[in-house]
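The values are calculated or read from the model by the stated rules, or taken from the named source; none is laboratory data. Keep in mind the model is a prediction, meaning the values are calculated, not measured. No Cβ is skipped: glycine too gets one built from the backbone with ideal geometry, and neighbour counts run over all protein chains shown. Only protein heavy atoms, including side chains, enter the accessible area calculation; ligands, DNA and RNA are left aside. Shrake-Rupley method; radii C 1.70, N 1.55, O 1.52, S 1.80 Å.
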Amino acid sequence: MRFLRDESKFAQGKIAFLQYLSVGVFLLILGGYWNLQIRNEEIYSLKAERNRIKALPIPAPRGKILDRDKRVIVDNHSSFSVLLSRETLKEEHLKPIAEGLDLDYDELLAKLKRHRARPKYQAIFIKEELTPAEIAFVESHRDPDTYPELELIHTERRVYPESGFGAHLIGYVGEVSESELNLADFAKYQQGDLVGKTGIERQYNDLLAGVDGQRQVLVDNKGNERRTLGMKPAVPGKPVELTIDLDVQTVMELAMDGRRGGAVALDPRNGEVLAMVSRPGFNLSSLSSRERNRQWREIFSNPEKPLLNRAIQAQMAPGSTFKPIVALAALESGEITNDTSFGCGGGLNFFGRYFHCHNKKGHGATTLKKALAQSCDVYFYNVGNKIGIDKIAEYAKIAGFGAKTGIDLPAEAEGTLPSSKWKIRALREKWYGGDTISVAIGQGYLTSTPIQLAHAIGGLAIGGIWHTPHLLKGEPASKPARKADLNLDHVRFVVDGMCEVVNGWGTATNSRVPGVEMCGKTGTAQTVSNEYQKARNIHVKDNAWFVAFAPRVNPEIAVAVLFEEGEHGNLAGTIARDVVKAHFDKKARKDMSQSQPGAATAGLQTPAGGAGN
Amino acid sequence: MDGFLGRYRNLSVLVIVIMAQLVLLAVQVKNNQDVRLIRVWAVTAMTPLARVLEGIRANTFGVAGEYWQLLEVRSENRTMKVDLDRLKLENQYLKEELATAKRVEAMASFVQRNPSKTIGARIIGAGSGMNSKVVFIDRGSTSGVLKGMPVITPDGIVGKVTASYPVGAQVMLITDPTFACGVVSDKSRIHGTVRGQGNNQLLVDYIQNEQQVAVGEVFYTSGDDRIFPKGLPVGPVRVARQGKLFKEIYLAPTAFEKGLEEVLVVLEGVHQQIPDLLPGAGTGPEAKPLAPPPSESVPTPVDATPQQKPDQKLSTDADKLLEKYRSIGEQQGVRYGNPGRVPNFNAPPPVVKPPAPKTETPPAAPVVPPN
Amino acid sequence: MPLPEYSEANFVEGRRRKSSSSSFRPIVFFLVPLFSVLLDIFLPRFIESARTLEFPLLITIYFSLMKRQPIAGIAIGATIGLMQDSLSQQPLGMFGIVKTLVGYFAASVSLRFDLNNPALRFMLCNFFFVFHQFFYWVMVRALLGQATNINGMDELVRSLLNSAVALPLFLALDKLREDES
C-alpha cells in the first residue's frame, strides 16, 4: 500500500508538479499585483512613500547667548512639545485631544486649516512646553489603538532672563513670516521654522539657529513605529559670546527701571558695547512662542511701543549733550580759543528772535569750560552763530551723527544731522541763521540716538577715533574705525569742561562717582517748542539726556542715557553714574583677584570707593 | 471552462480563498480599518468556551495546586525546627492564604471601598503572537465595558481596554511597550509617566535626574492621563538611577505578582488620594468623574497637582545677577539711577546674600566669580 | 511508459485513495480547531513558554492530512487562521492565508504517504511548521511592510518541539477518528 509506484502514479506526479508550479506562478503574479496596487498604490507619487515613512523633526537647540565673561544670558532648557501628524489624523479624535491638552477646539481646527496647504507628512506643533500632566496624557493616548496621530518630541526651548532683562538686546524668536521668507537671509527656511525676529537673535540667527534634524521612521499600517530608517541629528546652534558685561548691564537695567528711555554703555577704545537697555521693556518668554497669545497681542498694541529699542532707535533732539561737539567744531575751526568768553544775561537776540538761556538770570562772563560745566546756552548761541551750521555739521558728521553707527543690531535709526544742503534737499527750504542757533544747543532739526551720542562723545574723548560699536566678542566690527586729525589740546579743553560738569561746579554734581573721574554732559531737551506749548496751554516734560565717559584720561567706558520726560539732564546723570560705578567696581574686583591669585577663592576684596564702612 | 474548473477544482478553490483573504487584507491595510465583524464572531465563539476552561482550571488546578502547596509547607514545618525556615514558611503561608481565600474577599472589599464604579471580569486568554501583551476578558460591551476603560485589581493597575466586543474585550497590559499612564510617587509626590517595556518591568519616564526617588517608594496613578483615576497603586521602585536625560526608574507592577485571574474594569473612575501621604489641605476624596470611556467631556482631574514643576524655576545667570544687585541696592538703601547715595558694589557684604565674598566669614563664602 | 496520463486506472486509484480519507464527527470538526485556538491564547497566561507551541497549526496539519481533500484542507486552514487573526493584533488574513496554504499542501501531500507512520508525521510537521513560519515572515515583510527578525535556529528548535508535541497529539486525535479502513 505504501508508496504505490506505477506508471499512472508517475504521471500523476507530473500533474501535481504542474499544479504546484501554477500555484507558484499565480502567487508570484499576485505578489506583483499587491506590490503595485496595495503597497505603493501610487508608486510615482511621493505621498505613498511618505505614508509609510514618517518624518519627525528634531529641532536644533539654539545657541546660548553669553556675556563677555561667558556668563549665560540666554539659556536653553529641556521641554516637550506635542505634534499632530496629519496623515493618520481622524477628525473625531480632535475634540478629545483638544480637551485633554486644554486647547481650544475651534482654534485647533483653525490651525489645521491654516496648515492645509502644507504637505501632509509634516506634522504640526499643537502645544509646547508640556507640563508633566500633559506629557502623561499624550504618552498614554498615543498607542495605535487610541490617538496614534499624537507625537511627542523633545525640544530645547529658550530660557530668557525674567521680566524683560535685556529683551531689546536679545530679541525674540518666532515662526518665520511670509514676508521674511522672501528675504535672502531666510531663504533656507520653511513655513513653521523658528527664526530670530529682533535683536541678537535676528542679527546672529545663522550662528544661533543650528540645523534642524529629522528622524525617519517606518510606520506600519496601524501607525506603529517599526524601525528608525534614518536619523539626521540636529546640529545645535553655536553659542554667541557678547561684549556685554552682565554686571554693567544689570545695574543699567535696575537704574532704568520705572523710566522710559534708552541707555547704552560702550568701550570707546574698541567699540565694544558693555550694556544696552531700553524701557519700557517686554517679557521675552511671552513673545517667543508659536502661539500668538494675549500677551503677544498686548505687547504689539501697546501705545508705549515696548518693542522699540530706544537705545538705537529713539531719534530725539540730544539737547545740550551736543554742545561738546559744537565746542570742538569751534575750537578746530579756530573761531574760538579756550579762553574766548561771552557774556550771558539769560538770553540773547538773534535774527530778530530772543533765545533764552536755561538760566534766566544768566551766567555772566562765560568761558568754554564754564559754558560746558553750566551748560550756558547763550555761549553756544554765540559760538554757533560764529561758525555756522556747516562747520557744526562737518564735525558732527565726523563724530558719527546723522548716520547709523553700524552696530550689529537690526533696524538701527540714523537720526538727523541738519546742514544747509540737508535742509534744501529734505525740506526744500533755505537754511536760516536762526536754525543754526537751535542746532548749536542740540535742538531744532537735530536728532540722535543714545548710541550715536555715546559713540560720538566716546570717540571724541579718546582723541578722535571712532570705533564702530559692536556686540559680538572677538569679532571685528562691521566697519573700520574712523579717525579724525584733531588737535589734542582742543580735545583736552572739551574734556576738561565735561569733567567740570560732574566734578566741579557743573550741572551734574549729583552724579559724582567716588574714586573715578567721570566726565559728562547733561542735556535737557525740549520735545515740543515753547510756542507750541504755550499755544496749546500744555506742559510737555523735557527729555533728560546724559552722556558720560570715565576716567578723564584714557577713558574706557562711555555712557549715553536718554530718560524721556526726565525733566532735567542730571536725573539721567545719576543713571550713568551707577553704570560707571558698576564698571569700575567690577574692575577693582578683577584687579584684586588678579593681584592675589591665591586669595581668589577667599575672594578678598576691598571696597574701591572706600565707602564700604 | 467548466471542465477546467472541474479538473482544477482544488486549485480554483485555493485561489479563490486566498484571493478573498488578500482582498480582506488589502481593505484593512489600505483603508487602515479593521474588519470588526470577523473579530466579533471569533471572540464571541471563543468566550463561552474559554470561560468554561477557565472555570475548570480555577476550580481544579488553582485550588488543588495551592492546597497541595500548603500541605507540603505544613509537613515541612513539622520536620524542620529552624526559626528562619519557619518564618519563611509562615510568610509563604500568609501569602498563599491571601492569594486564595482572601482574594475574593479582598476584591469585594476593594470594590466597596473604592468609589469608582467597577465591574469584575475574568481573564480568559492571552493575545496570540510572540510578544503580545494583551489579554482577553470575559466582559464586553453588553456589560458596559468600552474601549479606553482602565482595568485594575486591588493590588494595582492591569491595563486598559483596547477593543471591546459584545461578550469579551481585549485589554492591553501595562507591560505592553505602547502602554503609558501618568504616575506619582507616594513619598516625594513626583509626577511622571510610566511605560511598559515589553518585559515584566515598567519604566517611569520624565522625572528629572535631580529628583530624589528611593528604591521601595511606591508609584500610584496620578490621574494626569485622564484614563486612570488617581490613587491606584502601580508598583514599587526596584531600580532608580541617573539617566541620560531623565532618571531611570523601574517598577515591578504589583498587579501581576499573584498572577492575574480576576480583574476589575473601571466603568466610571473617581480620583482618590495617594495613600499615606495626605496633603495638608485634604478636602477628602476628590469626587471628580473621569472621562467617560469613549473619551468625551473630560473633566480636568482637579487634582491640584501643585508640585507640577518641582520648584525648578528656570533662570539664567542674568537673573541671578539681577537678584544680587537688587539686594545690594536694598542693603545700601540705594535706588539705582536716582540722586542720592552712590552704590558701592564692592562693599563687604552683610550677613545674608553677600554680593562679594569676605575673608572674615569663610563658611558663608559664596561663589561669586572673582572676575 | 506511454500510458495515457488520465487513464481510468488513474482515476480509480485516486478515488480509492480518497475513500481512505478519515472522517470525523462534525462536532469534532467544530470543537477541536476552536479548542486549539483557545489553547493558543489560554496557555501562555500561565506558562510563558507555551507561546512556542502552535496548536492551531498542528491541528490544521492534522486535519488536512487526515481528510486528504485539498478543499477540506483549505477550509480548515482558512477558518483556524482567521480565528487566530481575530485574536491577535494583526490585520485579518495573515494567519488565514498562511494556514490556507498549509491546509492545501498538507492535504495534497497526504495523498501520497502513509500517515500512520510516526516518523513521517514528525517530518511532515517539521516541514509544514518551517513552511508556515517562513511564509508568515514573508507575508509580514511583503504585505505589511513590517520588519520582523527571524531567527533560523530558534525556528528550527520550535519546529522540532512542535513536531514532538504533534506526535502524541495526533495519536490522541486518532482516537476521534471514525475510519472505515
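Filter the strands (runs of 3 or more DSSP E) completely within the stretch A:135-243 down to those with at least 2 residues that are of a type in the set (Val, Ile, Thr) and within 27 Å of A:LEU112 (Cβ to Cβ). Qualifying strands (runs of 3 or more DSSP E): A:150-159, A:213-219. Being of a type in the set (Gly, Ala, Ser) and within 19 Å of A:ALA456 (Cα to Cα) is a property that holds for A:GLY271.
Contact annotation: residue pairs with Cβ atoms under 6 Å, 6 or more positions apart or on different chains, pairing a residue in the stretch A:86-99 that is in the same structural domain as A:THR146 (by TED's automatic domain parsing) with a partner that is surrounded by fewer than 17 Cβ atoms within 10 Å (Cβ to Cβ), are A:ARG86/A:LYS120; A:GLU87/A:LYS120; A:LYS95/A:TYR105; A:ALA98/A:TYR105. If a residue must be open to solvent by 50 Å² or more (accessible area, probe 1.4 Å), of a type outside the set (A, V, I, L, M, F, W, C) and at pLDDT 50 or above, how many such residues does the stretch C:5-36 contain? Within the stretch C:5-36, residues that are open to solvent by 50 Å² or more (accessible area, probe 1.4 Å), of a type outside the set (A, V, I, L, M, F, W, C) and at pLDDT 50 or above number 2. Screening A:VAL173, A:VAL195 for residues that are without any contact (Cβ under 8 Å) to a residue 60 or more places away in the chain, under 19 Å from A:SER286 (Cα atoms) and within 23 Å of the chain's Cα centre (by Cα) leaves exactly one candidate, A:VAL195. The number of residues in the stretch A:135-154 being within 8 Å of chain B (Cβ to nearest Cβ) and open to solvent by 20 Å² or more (accessible area, probe 1.4 Å) comes to 5.
If you go through the stretch A:548-559 one residue at a time, do you hit one that is under 24 Å from the mean Cα position of the chain (by Cα), within 30 Å of A:ASN530 (Cα to Cα) and in a strand (DSSP E or B)? Yes, the stretch A:548-559 has at least one match. The C-beta contact set for the stretch B:305-322 (first residue under 18 Å from A:ASP75 (Cβ atoms) and modelled with pLDDT of 50 or more, second residue assigned to a helix (DSSP H, G or I) and open to solvent by 50 Å² or more (accessible area, probe 1.4 Å), distance under 9 angstrom, 6+ apart or interchain) comprises B:LEU314/A:SER285; B:SER315/B:GLU323.
So that you can scan it fast, the table gives a plain yes or no per residue for (1) surrounded by 15 or more Cβ atoms within 10 Å (Cβ to Cβ); (2) among the β-branched types (Val, Ile, Thr):
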| residue | (1), (2) |
| --- | --- |
| A:THR522 | yes, yes |
| A:GLU531 | no, no |
| A:ARG536 | no, no |
| A:TRP545 | yes, no |
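Going through (1) of a type in the set (A, V, I, L, M, F, W, C); (2) more than 7 Å from chain B (Cβ to nearest Cβ); (3) open to solvent by 20 Å² or more (accessible area, probe 1.4 Å); (4) farther than 13 Å from B:ILE18 by Cα one by one, C:ALA75 falls short only on (4).
Any idea which residue in the stretch A:485-508 is least open to solvent (accessible area, probe 1.4 Å), counting only those that are part of a loop (DSSP other than H, G, I, E, B) and under 21 Å from A:GLY573 (Cβ atoms)? Across the stretch A:485-508, the extreme among qualifying residues is A:ALA508. Looking only at the stretch A:344-398, residues that are of a type in the set (Val, Ile, Thr), surrounded by fewer than 23 Cβ atoms within 10 Å (Cβ to Cβ) and over 40 Å from the mean Cα position of the chain (by Cα) come to 1 in all. Restricted to helices (runs of 4 or more DSSP H) entirely inside the stretch A:324-412, those with at least 3 residues that are under 22 Å from A:LYS430 (Cβ atoms) are A:377-387, A:389-398. State all residues of the stretch B:192-207 that are open to solvent by 20 Å² or more (accessible area, probe 1.4 Å), in a strand (DSSP E or B), touching a residue at least 24 places away in the same chain (Cβ under 8 Å) and within 9 Å of chain A (Cβ to nearest Cβ); if no residue qualifies, say none. Passing the criteria: only B:ASP205. The listed residues are B:SER132, B:SER109, and the only one of them that is modelled with pLDDT under 85, over 16 Å from B:VAL40 (Cβ atoms) and in a loop (DSSP other than H, G, I, E, B) turns out to be B:SER132. One residue alone among A:THR88, A:THR131 is closer than 18 Å to A:LEU56 by Cα and open to solvent by 10 Å² or more (accessible area, probe 1.4 Å), and that residue is A:THR88. So, B:ILE137, is that one open to solvent by less than 40 Å² (accessible area, probe 1.4 Å), among the β-branched types (Val, Ile, Thr) and within 11 Å of chain A (Cβ to nearest Cβ) or not? No, not satisfied. Here is the figure for the stretch B:236-250: residues that are open to solvent by 50 Å² or more (accessible area, probe 1.4 Å) and outside any strand (DSSP E or B) total 3. Looking at the stretch A:249-278, which of its residues are surrounded by fewer than 24 Cβ atoms within 10 Å (Cβ to Cβ) and not acidic (Asp, Glu)? The answer is A:GLY258, A:ARG259, A:ARG260, A:ARG269, A:ASN270.
Within the stretch B:235-250, the residues that satisfy the criterion of being in contact (Cβ under 8 Å) with a residue 24 or more places away in the chain and farther than 21 Å from A:PHE80 by Cβ are B:GLY235, B:VAL237, B:ARG238, B:VAL239, B:ALA240, B:TYR250. Of the residues screened, C:LEU39 is one that is modelled with pLDDT under 85, of a type in the set (A, V, I, L, M) and in contact with a Phe, Trp or Tyr (Cβ under 9 Å, 6 or more places away or on another chain). There is no residue in the stretch B:169-184 that is open to solvent by 40 Å² or more (accessible area, probe 1.4 Å), more than 10 Å from chain A (Cβ to nearest Cβ) and on the phi < 0 side of the Ramachandran plot. Filter the stretch A:403-418 for residues that are open to solvent by 30 Å² or more (accessible area, probe 1.4 Å) and closer than 25 Å to A:ILE170 by Cα and give the result. Residues satisfying the conditions are A:ALA403, A:LYS404, A:PRO410, A:ALA411, A:GLU414. Taking residues in the stretch B:172-191 that are under 20 Å from A:GLU149 (Cβ atoms), and partners anywhere that are among the aromatic types (Phe, Trp, Tyr), the pairs with Cβ atoms closer than 7 Å and at least 6 places apart or on different chains are B:MET172/B:PHE179; B:CYS181/B:PHE228.
Would you mind stating whether A:GLY281 is over 14 Å from the mean Cα position of the chain (by Cα) and part of a loop (DSSP other than H, G, I, E, B)? Considered against the rule, which asks whether it is over 14 Å from the mean Cα position of the chain (by Cα) and part of a loop (DSSP other than H, G, I, E, B), A:GLY281 comes out as no.
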